[in-house]
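Below is one structure; the comments refer to it alone.
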Amino acid sequence: MRKPSVKCALLAAMIAEHRWGSPIVEENLLSIAAIEPSDYPTASDIFDDLRSKPYITNRGTRGIELDNSEFSQMADVLYHECDWDPFEIKSRLKHYEGWENHDWA
C-alpha cells in the first residue's frame, strides 16, 4: 500500500473529524493527519491552498471546514487524486445525497 499524498492525508483527517459548523485550524489538522513532521511545511502550503477549493469553507482565523453542498467535488478529488474506492468514499461522505447520479468517470 502506497503512502497517501499530503493533500490526501489532510483531507482524510478533515473527513474523520468533520462536524458541521466546527472548522479546524492548521495546527490541529496537521497534528491529527497521517503525515511525517518533515512534511509539515508542505502540509502548511496545502492547507492554505485548500482554503480556496470549492469543497472547503474558509473560516479565516477559525480555520477551514468541509462544505457539505460540494461533496460531489470532494468525492471526485478522493477518487481521482487520492485513489479511494467509491465504497470507501460513500462510507466516509455520509451526508452526500447525490450518489445515485454521481459519475465516477
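The values are calculated or read from the model by the stated rules, or taken from the named source; none is laboratory data. Predicted model, so just to flag it, every value in this text is computed and none were measured. Glycine also receives a Cβ, built like all others from the backbone with ideal geometry; neighbour counts cover every protein chain displayed. For accessibility, only protein heavy atoms count, side chains too; no ligands or nucleic acids. Shrake-Rupley method; radii C 1.70, N 1.55, O 1.52, S 1.80 Å.
Of 56, 32, all but one fail to be open to solvent by less than 40 Å² (accessible area, probe 1.4 Å) and either modelled with pLDDT under 95 or over 18 Å from residue 104 (Cα atoms) (or both); the exception is 56. Only residues that are more than 15 Å from residue 14 (Cα to Cα) and loosely packed, with under 13 Cβ neighbours inside 10 Å were counted in the stretch 74-95, giving 4.
Those helices (runs of 4 or more DSSP H) of the stretch 8-105 in which 2 or more residues are among the basic types (Lys, Arg) occupy 86-92. The single condition among (1) surrounded by 14 or more Cβ atoms within 10 Å (Cβ to Cβ); (2) more than 26 Å from residue 90 (Cβ to Cβ) that residue 41 does not meet is (1).
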